[in-house]
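Notes for the one structure printed next.
The values are calculated or read from the model by the stated rules, or taken from the named source; none is laboratory data. Keep in mind the model is a prediction, meaning the values are calculated, not measured. As a convention, Cβ positions derive from the backbone with ideal geometry for all residues, glycine included, and neighbour counts pool all protein chains shown.
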Amino acid sequence: MKISSKRDRGHWLLLSPYLALFFIFIALPVAVAVYLSFTYFNAIEKPTWIEIQNYITLITRDTLFMQKVLPNTIKYALIVGVGGYVLSFILAWVVAQLTSVPRTIFALILYSPSLTAGVTMSVLWRVIFNGDQQGYLNSLLLSLGLIDKPIQWLQSPQHLMDIMIFVSLWSSMGVGFLAMLAGILNIDEQLYEAAYIDGIKNRVQEIIYVTIPAMKPQMLFGAVMSIVNTFTSAGIGVALSGSNPTPQYAGQLIVNHIEDYGFLRYEMGYAAALSVVLLIIIWLFSRIAWRLFGER
């Protein structure tokens, strides 16, 4: 009995640093955000309890959120999240077919945009999509005679979201891509040999019946990372357009809306309500990913 109690205390002792960090940096901030979402708080005066008024305002009065921000976020998340996830798997599978040295080189090439996205946003993409004649895209289209005057790509509501999606897909080969690549490389070759003996005839069947089932943990990790990254993306529209809110709210996402109300208007209670809604959305999509790739 004494040995058992010592072991119980021992594992709690080992877990205590993680539990302390989890409580301080995750559980406590979430609890504070939930509390503030039921208050009016302007960051100066003491929070005033107003019950569910912030959520009522969110659903019934914040037409900007319902008509612009939420549709923008869903569109962005579905295209970039799902598209980037599928693209990560396809590229990871292709790279895994290469020999060691080319595989390492191509993996670094594909992964590097996710590391330098902030720098390339201002140095590369804003130069390419510059709205004057010196912008690379405008210069090319003018020289080809496809347009007769420069287009304000980053200030145009018609083009900003499309550019955001394109740039995000370009830089979406992050940690999820590396996890999938590692998962594919660690699949036992005997599984493939057994599958071909059992009747698998081509690479497509190999991917569906062997590769994906054998790397479900990596697929789940990649899905969760993709969900979190897409729904918490904030800087891309602001970095490209140079303003928050983005022009005519064309590239405004939920996180931008939270920053607008929290740090520009100082309506911290309403910003907290928005953050709680975002947390619930991320949780729901994460549950879907768990249903698809989690162990039953």
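Of the residues contained in segment 33-44, one or more are found to be in contact with a Gly (Cβ under 9 Å, 6 or more places away or on another chain), over 30 Å from L160 (Cα atoms), of a type outside the set (S, T, N, Q) and in a helix (DSSP H, G or I). Working only within segment 242-270, note down all residues that are touching an Asp or Glu at 6+ places or on another chain (Cβ under 8 Å) and either surrounded by fewer than 19 Cβ atoms within 10 Å (Cβ to Cβ) or assigned to a helix (DSSP H, G or I) (or both). Of everything in segment 242-270, those that are touching an Asp or Glu at 6+ places or on another chain (Cβ under 8 Å) and either surrounded by fewer than 19 Cβ atoms within 10 Å (Cβ to Cβ) or assigned to a helix (DSSP H, G or I) (or both) turn out to be N244, Y261.
Need a quick list: helices (runs of 4 or more DSSP H) entirely within segment 167-210 having at least 1 residues that are of a type outside the set (A, V, I, L, M, F, W, C) and crowded, with 20+ Cβ neighbours inside 10 Å. By residue number, 175-185. Among the residues of segment 170-203, those that are among the hydrophobic types (A, V, I, L, M, F, W, C) and closer than 21 Å to R103 by Cα comprise W170, M173, V175, F177, L178, A179, M180, L181, A182, I184, L185, I187. Based on this model, can you work out whether L154 counts as modelled with pLDDT of 85 or more and in a helix (DSSP H, G or I)? Here the answer is yes, as L154 does meet what is asked.
For segment 30-59, residues that are of a type in the set (A, V, I, L, M, F, W, C) and under 12 Å from L274 (Cα atoms) total 7.
Within segment 76-110, can you find the residues that are surrounded by 17 or more Cβ atoms within 10 Å (Cβ to Cβ) and more than 15 Å from I207 (Cα to Cα)? Hits for segment 76-110 are Y76, A77, I79, V80, G81, G84, Y85, A107, L110. Scanning segment 271-296 for residues that are free of Cβ contacts under 8 Å to residues at least 12 places away in the same chain and outside any loop (DSSP other than H, G, I, E, B) gives I280, W283, L284, R287, I288, R291. Just so you know, in segment 223-241 the residues that are assigned to a helix (DSSP H, G or I) and hydroxyl-bearing (S, T, Y) include one that is farthest from I128 (Cα to Cα), and it is S226.
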